[in-house]
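The values are calculated or read from the model by the stated rules, or taken from the named source; none is laboratory data. Everything numeric in this text was worked out from a predicted model, so none of it was measured. Here the Cβ is made from the backbone with ideal geometry for all residues, glycine too, and neighbour counts use every protein chain on show.
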Amino acid sequence: MSYDENNIFAKILREEIPCKKVYENEYALAFHDINPQAKLHILVIPKGKYISFADFSKNASKDEIEGFFKAVGKIAEEQHLVKNGYRILANHGVNAGQEVPHFHVHIFGNQTLGPMISKS
Ligand code: 5GP
């Protein structure tokens, strides 16, 4: 499977469609999810063209991986999520219901988050 240049997050990175930006560094861009599943729901995406976590963890450089995950931690700090807690999540592939084929981490916070996964 090759990277789809027309996926929605590629368009956001190219600024062809808008986003509510939260954070940006050399390796990552973060913005509010359009359909939030918690009081705070942020998406963090790498700037490189990676389809999923499997692709990113295998093919991204050490600098890209470090820059990306440092950004996730920094955003949690900046959003004042560390004291009360938060959840990060990445869906890979069909079983996980990944919708957008550009690797992303969800950050959920500002509320009690309930069970880790649905039992159904
Ligand atoms: P996935 O299911 O792939 O892990 O998550 C994709 C996420 O992207 C969903 O939570 C969905 O609401 C969000 N999303 C889809 N299209 C857009 C968009 O155009 N803008 C933003 N900000 N989020 C989007």
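So, in the range 93-104, exactly how many residues are near the ligand (Cβ under 9 Å from one of its atoms) and either buried (at least 17 other Cβ atoms within 10 Å of the Cβ) or under 14 Å from Tyr3 (Cα atoms) (or both)?
Here the count works out to 6.
Is it the case, given these coordinates, that Ile45 is within 20 Å of Val22 (Cβ to Cβ) and of a type outside the set (D, E, K, R)?
In short, yes.
Just to verify a result, which residue in the range 1-16, among those that are under 15 Å from Gln98 (Cβ atoms) and in a loop (DSSP other than H, G, I, E, B), is modelled with the lowest pLDDT?
The residue in question is Met1.
Among the hydrophobic types (A, V, I, L, M, F, W, C), buried (at least 18 other Cβ atoms within 10 Å of the Cβ) and within 28 Å of Ser118 (Cα to Cα): is that true of Ile34 in this structure?
Taking the combined requirement at face value, the residue does not satisfy it.
Hey, does the range 10-21 have a residue that's within 26 Å of Ser118 (Cα to Cα), of a type in the set (D, E, K, R), within 9 Å of the ligand (Cβ to nearest atom) and surrounded by fewer than 17 Cβ atoms within 10 Å (Cβ to Cβ)?
No - not one qualifying residue is present in the range 10-21.
Return the residues of the range 22-64 that are assigned to a loop (DSSP other than H, G, I, E, B), acidic (Asp, Glu) and either more than 11 Å from the ligand (Cβ to nearest atom) or at positive phi (or both); say none if nothing qualifies.
Result: Glu26, single match.
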